[in-house]
Amino acid sequence: MCFKNLPIAFDERGNAYLKEGVNDPYEHKVVDLGIEQDKLKSLMEKNGFIRSVDYDPVTRVAGALAFHSVVDLKKKKVLSTNSMATLFRGYEVILKGRDPRDAAYISSRACGVCGGVHATCSALAIEMALGIKPPPLGIVMRNILLAIEYLYDHPLHLFLLAGPDYSEELVQETNPELIEKAAHTKAKNKAVHGYDTILDIMKDLNPLKGKLYLEALSMTRVAREAYVLIGGKYPHPQSVVPGGLSVTITISTLNEVYSRLIKFFDYGQKTTGIWDDVFDFFLESNPEYAKCGVRPATMMDTGVWDRPDAYDATFENCDKWGEARWSTPGVLVDGKVVTTKLTQLNAGIEEFVEHSFYEKWDGHEFKEDPLGTPLSPNHPWNKETIPKPGKQSWRDRYSWDTSPTWDRMPMEAGAYTRMYLTAKAKVAPDSKFLENTGHSMKIHVPKHTLPGKTLEWHIPEHWNAFERNRARAYCIPYSAMVAMDNWLLAMDLLKNGQNKVSTKFEIPKTGSYMGFGAWGAGRGFLTHHLLIEKGLIKNYQIITPSTLNAAPRTPWGEPGPYEEAVLNTPVLEKFDKPEDYKGIDILRAIRSFDPCMPCTTHIMAKDSDHMVTREVTTCACGIE
């Protein structure tokens with residue numbers, strides 16, 4: 001059975017149907033959050049907790065998020081969490097009534113870091129709705145664009161945004177006992193990265209002046225240079241269109257891309273070696289770090305990187321072309337693969353707004369998808385975005401984010417999810433550079449200045465902050481090798497005279513059409529659901545990875561991924577007085593998701609009037 005909570009079953013031929021005998025099949029329980037707040041208030045009064053605090057969210061171009069925690073500093077335990085998106089942006093409202101061809105250019109502005117993925121996801125949605133199949137070279141070049149975008153994004157996260165949390169400066173301030181130990185701990189991967197001790201690595205992770213910090217900044221430039229050769233500009237490309245690309249690709253273009261791509265061969269080896277050494281050191285120094293940001297490996301991803309001989313843009317064949325992708329779509333529940341079918345992934349998605357600043361919409365226009373699979377009234381094709389600003393209340397509504405679920409379960413998203421699913425499911429076609437074993441992914445990196453090497457990422461026993469970041473490091477060589485696969489394909493296509501990169505199309509002025517784009521941001525899962533009527537956009541819904549991760553409570557009270565991960569995080573930081581508390585463990589937990597928003601973390605400390613406020617800079621917009 002694919003679904004355990006939604007009332008959808010399958011017959012012996014695999015056709016989905018709505019279970020019979022259920023009066024209200026999509027009914028769901030709504031829990032009163034006030035009960036929890038009353039208990040917390042009572043606990044705070046008995047133990048001298050702070051009773052009320054005003055929060056000032058950080059609002060920047062990539063969005064804003066505030067995170068509130070109540071922490072018992074004596075028991076070293078997080079008692080309560082709330083994840084709050086503090087800004088309404090409304091791209092779904094902006095796009096209504098527009099020509100569908102505008103969507104790629106407007107939706108890419110949804111993010112100042114990864115606009116290219118939104119442009120492509122929008123193009124995919126239109127291609128499905130109108131039956132537009134791009135030529136092989138157009139598909140391959142979009143794959144290369146995506147891989148390059150990841151090669152920009154991953155070093156940015158690992159060394160500029162999350163990396164400083166493991167630097168000498170921060171560790172000295174929050175866990176000084178680790179510094180001396182790091183000075184005497186030899187780095188296991190010195191032959192690859194050149195560092196003798198863990199402390200040597202930590203020093204070069206220091207923000208703004210550390211060599212690893214500055215090197216990563218330089219590598220992001222290398223990736224951007226490669227991207228603009230195809231995309232025209234970054235982060236909002238002009239060449240991504242429905243039907244392929246609006247740019248001429250030549251052998252010279254590919255050679256220019258290759259001259260930059262090969263730099264990531266060595267860099268991928270170096271990065272995985274560094275983070276293997278750093279994270280192994282922390283986990284071996286104190287096994288309690290394995291609880292930092294821990295939650296079940298319950299995640300989903302749409303898969304990315306289409307095969308030119310499989311992708312035909314149709315919903316009817318999306319299971320086939322989805323499973324043919326270099327990165328496998330699907331859902332993991334507690335580390336187990338429950339589906340790799342895009343149709344089932346799509347059917348299981350719902351969005352809830354009980355704890356969000358939105359009106360609940362009426363109606364259930366689409367009761368089935370184009371193949372007859374039942375759809376919930378809470379599915380994105382049925383959803384309407386109706387903003388309802390109001391007073392923030394932990395008992396009721398407290399976020400501009402919605403609460404997306406799959407089969408009524410909160411889902412995590414991340415770059416690592418696509419690697420986890422692909423390695424575990426073992427359905428992706430063979431690749432010259434990649435091998436999936438069911439428990440690991442082997443990445444065969446060719447030589448550059450370093451000898452060629454097979455790197456192997458292993459599915460971890462515990463899914464926590466350290467393992468998210470470790471997997472993100474392995475996503476650098478993973479993305480580089482997918483880019484190489486597609487670069488070789490592009491060279492073959494050009495040599496055979498197949499230089500067409502786009503398919504012409506017209507927007508029909510009559511009729512209704514539906515489609516969804518299934519792609520992936522640097523942070524994971526991304527969908528654009530689209531309805532076209534009489535040549536214009538009737539409805540448009542975007543679910544980003546941070547929509548999943550930053551979600552508030554579900555109607556039935558289950559915490560979102562940020563909230564759950566922080567709730568499970570122990571306080572391992574060393575401090576003498578509450579006012580010295582920095583909240584580094586909570587920050588590491590949140591940053592491990594690489595939230596695409598500069599966010600602020602507020603931490604209330606038990607038995608004191610001290611509130612910690614820390615800015616969580618997790619987006620390039622935070623450093624511009």
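Structure above, values below:
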quantity: Förster radius 35 Å - calculated FRET efficiency between Asn5 and His444 (Cβ-Cβ, nearest 0.05); calculated: 0.30
quantity: Extension gain (nm, one decimal) between Trp361 and Asp32, 0.36 nm per residue minus Cα-Cα; calculated: 116.4 nm
quantity: Positive-pole candidate from Gly243, His364, Leu33, dipole of the chain, charges at beta carbon; calculated: Gly243
quantity: For the chain, with +1 on Lys and Arg beta carbons and -1 on Asp and Glu, the positive-most of Ser108, Gly535, Phe265 along the dipole; calculated: Phe265
quantity: Reachable lysines from Lys500, criterion Cα separation under 29 angstrom, eight or more residues apart if same chain; calculated: Lys133, Lys233, Lys263, Lys320, Lys432, Lys509
quantity: Charge dipole (debye, nearest 20) of the chain; +1 at Cβ of Lys and Arg, -1 at Cβ of Asp and Glu; calculated: 920 debye
quantity: Separation in nanometres of the label points that stand 7 Å from Cα toward Cβ, at Asp492 and Phe88; calculated: 5.2 nm
quantity: Mean ellipticity per residue at 222 nm, deg cm²/dmol - from DSSP H runs of n ≥ 4 across the chain, formula -39500 (n - 2.57); calculated: -10500 deg cm²/dmol
quantity: For segment 90-197, convex hull volume per residue from C-alpha positions, Å³; calculated: 152 Å³
quantity: Charge dipole magnitude, Cβ of K and R +1, D and E -1 - segment 373-415, Cα centre, debye nearest 20; calculated: 260 debye
quantity: Dipole moment magnitude, nearest 20 debye, segment 397-520 about Cα centre, only Lys, Arg, Asp, Glu C-beta charged; calculated: 240 debye
quantity: Net length gained if the chain between Leu217 and Ala310 were fully extended (0.36 nm per residue, minus Cα distance); calculated: 29.8 nm
quantity: Nitroxide proxy distance, nm - points 7 Å out along Cα→Cβ at Asp576 and Gln172; calculated: 1.8 nm
quantity: Euclidean distance between Cα centres, segment 539-560 to segment 99-177, Å; calculated: 19 Å
quantity: Residues of the chain: accessible area per residue with a 1.4 Å probe, Å²; calculated: 36 Å²
quantity: Share of carbon and sulfur in the accessible heavy-atom surface of the chain [1.4 Å probe, %]; calculated: 49 percent
quantity: Extension gain, Asp72 back to Ser393 (0.36 nm per residue minus Cα-Cα distance, nm); calculated: 113.4 nm
quantity: Segment 409-549 shape via C-alpha gyration tensor axes, a/c threshold 1.5; calculated: oblate
quantity: Mean separation of Cα contacts under 8 Å, 6 or more apart, over the residue count of the chain: relative contact order %; calculated: 25 percent
quantity: Which label in [x] 0.93; [y] 2.30; [z] 1.07 gives the computed Cα Rg over 2.2 N^0.38 Å; calculated: [x]
quantity: For the chain, share of DSSP beta bridges that run antiparallel, in % to the nearest 5; calculated: 85 percent
quantity: Set of aspartates and glutamates with alpha-carbon distance to Lys447 below 13 Å, sequence-local pairs under 8 removed; calculated: Asp266
quantity: Accessible-area value, Phe10, 1.4 Å probe, nucleic acids and ligands omitted, Å²; calculated: 50 Å²
quantity: Local electrostatic count, Lys453, Cβ distance below 12 Å [Lys/Arg +1, Asp/Glu -1]; calculated: +1
quantity: R0 of 41 Å, Cβ-Cβ distance Ser285-Leu371: FRET efficiency to nearest 0.05; calculated: 0.20
quantity: Using a Förster distance of 51 Å, the FRET efficiency for Arg109-Lys426 (Cβ separation, nearest 0.05); calculated: 0.85
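The values are calculated or read from the model by the stated rules, or taken from the named source; none is laboratory data. Everything quoted here is computed from the prediction, not taken from an experiment. Cβ atoms come from the backbone with ideal geometry, glycine included; neighbour counts cover every protein chain shown. Quick note on the areas: whole protein, heavy atoms, side chains included, nothing else; ligands and nucleic acids left out. Shrake-Rupley method; radii C 1.70, N 1.55, O 1.52, S 1.80 Å.
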